[in-house]
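Everything on this sheet refers to the single structure shown next.
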Amino acid sequence: MDRTAQLIARAAQHESRCRLCSRAARVLDANWTGSSTVPSRRLYPHQWSWDSAFIAIGLRHLWPLRAQTELETLLAAQWADGRVPHIVFNPSVPPGAYFPGPGFWRSATAGRAAGAPRTVQTSGIVQPPVHALAAWLVHRADPGLSAARGFLARVYPRLAAWHRYLLHRRDLGGGGLVCVVHPWEQGMDNSPCWDAPLARITPAPARSFRRADLDHGAPEDRPTDLDYGRYVRLAADYRDAGYADGHGEFAVEDPAFNALLVASEHALALIASELGATATARHARAERLTAALVDRLWSPEAGMFLCRDLRGGGLLPERGVAGLVPLLLPSLPRELAAPLVRTLTGPHFGLGSRTRLVPSYDLLGEAFDPHRYWRGPAWFNTGWLLERGLRLHGEPATADALRGALLELAEATGFAEYVDPFTGEACGASGFGWTAALALDLHQELLKRPSQGVSKTGTGTFDTSDEGRDRG
Ligand code: 2M8
């Protein structure tokens, strides 16, 4: 290519990237309610916990104040026992718009003993703890604004109480890992990893509830009615026990949930240091959690992490994308990072050969379905986490290709909720919050570091050393 052609190509690339930024910004603005961001106006019209964390990571580049507010709104709904609820309900949304809504969870009454807030209605389960990581990244995007508002000082005690809840109330296996008590808690609702533990649950009768998701989503892209019956039964039992932990029939240690807790524990250590407190104990706890993760969930035969079913006893054989997510941990031993990368790029996930984005489930698994929600389609949040993991563990070329595919498909699909991992065809909602936010974040990263590894210092997971200087 001669010099002129090079300049034209570069200008065209620049223009298309600017277009991506403004389109992503439009989605985020349309989903903004004034105090938080909905994942999707129609399908998910309230505030979701881990969506908000990912969304704040994107918002910080355009609206640092909005990003701080997003996290503060979520944390304002925290329960006195420390749990951060998975949904914070917007009272102006009609009751039937989402199921299960506030009338099902009845947080203010059923959750009274666990310390549910009185002023806002929430669900009673949780979602992965991405929040401290998000808070640190949001702070780094505009440290001046953060300091002026006392952002870190405000969120730190709440984030610390959140981690305490998980570590003290949710170590149901006694082995040092946190466990989830409902598939919605882990966030990959109908992953085949849950099929065996869910099979033990008697579904709630179909006539006892009405699904609102099918008003907006194609039935073949969504969980089945049988899945829903079991989700409802588990949630109702938890509610009827006053949201007390330790008694339910579903209890699973999940690698992604725990890896995100480790990453957030490292971020909390950085927040503590920034506030002048000591961080040694937090780093030590993160290292202990990493050791427990390896000890309890690593499978040398599978070449990846698996879920541990505490009620059925033992590791579940299904290979879900959650088992690759610990790649984002800087302290993951090299002898585990290398096989994880091989699994990601090998026949089970096919990254770089059969797929350009990471499927949510094993391509060779019997339950694989390229369109049905978390049973095969590729999602942008897991892609974002693995892009960082690949960079961190010395795989910049694979990371660059994944980043390119995430950016291209996010825009081409109108920021779809998830996509067919082979064709990139859009599935689920469009104008989806975390797809827009994380595309924006990847785009900013691309402008700063066209192709480079991520240092192992800084946040311990994400190098944010120069954020805030070059916000775009
Ligand atoms: C999906 O989960 C909700 C229940 O929490 C649902 O299906 O109604 C999942 O994809 C979850 O990970 C996500 O946080 C939520 C909102 O985007 O939707």
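Numbers for the structure displayed
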{"item": "Residues of segment 340-378 classified as within 16 Å of the ligand (Cβ to nearest atom), on the phi > 0 side of the Ramachandran plot and surrounded by fewer than 22 Cβ atoms within 10 Å (Cβ to Cβ), total", "result": "0"}
{"item": "Scope segment 339-371; condition among the polar types (S, T, N, Q) and in a loop (DSSP other than H, G, I, E, B); matching residues", "result": "S353, S360"}
{"item": "Some residue of segment 290-301 being of a type in the set (D, E) and touching a residue at least 24 places away in the same chain (Cβ under 8 Å)", "result": "yes"}
{"item": "Unmet criterion (only one of (1) surrounded by fewer than 17 Cβ atoms within 10 Å (Cβ to Cβ); (2) within 14 Å of the ligand (Cβ to nearest atom); (3) of a type outside the set (D, E)) for S35", "result": "(2)"}
{"item": "Some residue of segment 127-144 being within 13 Å of the ligand (Cβ to nearest atom), among the β-branched types (V, I, T) and surrounded by 24 or more Cβ atoms within 10 Å (Cβ to Cβ)", "result": "yes"}
{"item": "Test: residue in segment 370-391 that is closer than 11 Å to V321 by Cβ, among the hydroxyl-bearing types (S, T, Y) and more than 15 Å from the chain's Cα centre (by Cα)", "result": "no"}
{"item": "Residue that is nearest to G428 (Cα to Cα), among those in segment 395-417 that are in contact with a Ser or Thr (Cβ under 6 Å, 6 or more places away or on another chain) and buried (at least 20 other Cβ atoms within 10 Å of the Cβ)", "result": "A416"}
{"item": "Inter-residue pairs, beta-carbon under 9 Å, first closer than 19 Å to I87 by Cα and in segment 51-70, second away from the ligand (no atom under 16 Å from the Cβ) and of a type in the set (F, W, Y), 6+ apart", "result": "Q68/F151; T69/W63"}
{"item": "All positions within segment 395-420 that are among the aromatic types (F, W, Y) and either modelled with pLDDT under 95 or touching a Lys or Arg at 6+ places or on another chain (Cβ under 8 Å) (or both)", "result": "F415"}
{"item": "Within segment 143-215, helices (runs of 4 or more DSSP H) holding 2 or more residues that are of a type in the set (K, R)", "result": "151-169"}
{"item": "Among (1) hydrophobic (A, V, I, L, M, F, W, C); (2) under 20 Å from G187 (Cβ atoms); (3) over 18 Å from the mean Cα position of the chain (by Cα); (4) not in a loop (DSSP other than H, G, I, E, B), the one test that L336 misses", "result": "(2)"}
{"item": "Qualifying residue in segment 51-62 (condition: modelled with pLDDT of 95 or more, among the charged types (D, E, K, R) and surrounded by fewer than 19 Cβ atoms within 10 Å (Cβ to Cβ))", "result": "no"}
{"item": "Qualifying position, being buried (at least 20 other Cβ atoms within 10 Å of the Cβ), closer than 18 Å to V130 by Cβ and among the hydrophobic types (A, V, I, L, M, F, W, C), among A256, A337, A251, A235", "result": "A256"}
{"item": "Condition broken by A108, with the remaining ones in (1) free of Cβ contacts under 8 Å to residues at least 40 places away in the same chain; (2) under 23 Å from L385 (Cβ atoms); (3) aliphatic (A, V, I, L, M) satisfied", "result": "(2)"}
{"item": "Residue in segment 86-97 that is under 19 Å from A429 (Cβ atoms), within 12 Å of the ligand (Cβ to nearest atom) and assigned to a loop (DSSP other than H, G, I, E, B) present", "result": "yes"}
{"item": "Flag for E318 being touching a residue at least 40 places away in the same chain (Cβ under 8 Å), assigned to a loop (DSSP other than H, G, I, E, B) and within 30 Å of R200 (Cα to Cα)", "result": "yes"}
{"item": "Whichever residue in segment 273-309 is among the β-branched types (V, I, T) and in a helix (DSSP H, G or I) and, among such residues, is surrounded by the fewest Cβ atoms within 10 Å (Cβ to Cβ)", "result": "T280"}
{"item": "Segment 71-98, residues that are free of Cβ contacts under 8 Å to residues at least 24 places away in the same chain and touching a helix residue (DSSP H, G or I) at 6+ places or on another chain (Cβ under 9 Å)", "result": "P95"}
{"item": "Scope segment 39-50; condition surrounded by fewer than 23 Cβ atoms within 10 Å (Cβ to Cβ) and aromatic (F, W, Y); matching residues", "result": "Y44"}
{"item": "Filtered residues of segment 98-142 (kept if closer than 30 Å to Y231 by Cα, assigned to a helix (DSSP H, G or I) and in contact with a Gly (Cβ under 9 Å, 6 or more places away or on another chain))", "result": "W105, S107, A110"}
{"item": "Subset of segment 161-201 [under 27 Å from L363 (Cβ atoms), away from the ligand (no atom under 16 Å from the Cβ) and out of contact with any strand residue (DSSP E or B) (no Cβ under 7 Å at 6 or more places or on another chain)]", "result": "D195, A199"}
{"item": "Candidates L297, L344, L351, filtered to the one that is at pLDDT 95 or above and farther than 24 Å from F422 by Cα", "result": "L297"}
{"item": "Residue count for segment 216-236, restricted to those that are more than 12 Å from the ligand (Cβ to nearest atom), over 24 Å from G111 (Cα atoms) and not in a loop (DSSP other than H, G, I, E, B)", "result": "4"}
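The values are calculated or read from the model by the stated rules, or taken from the named source; none is laboratory data. Because the structure is a prediction, the values reported are computed rather than measured. Quick reminder, even Gly has a Cβ in these numbers, built from the backbone with ideal geometry, and neighbours come from all protein chains shown.
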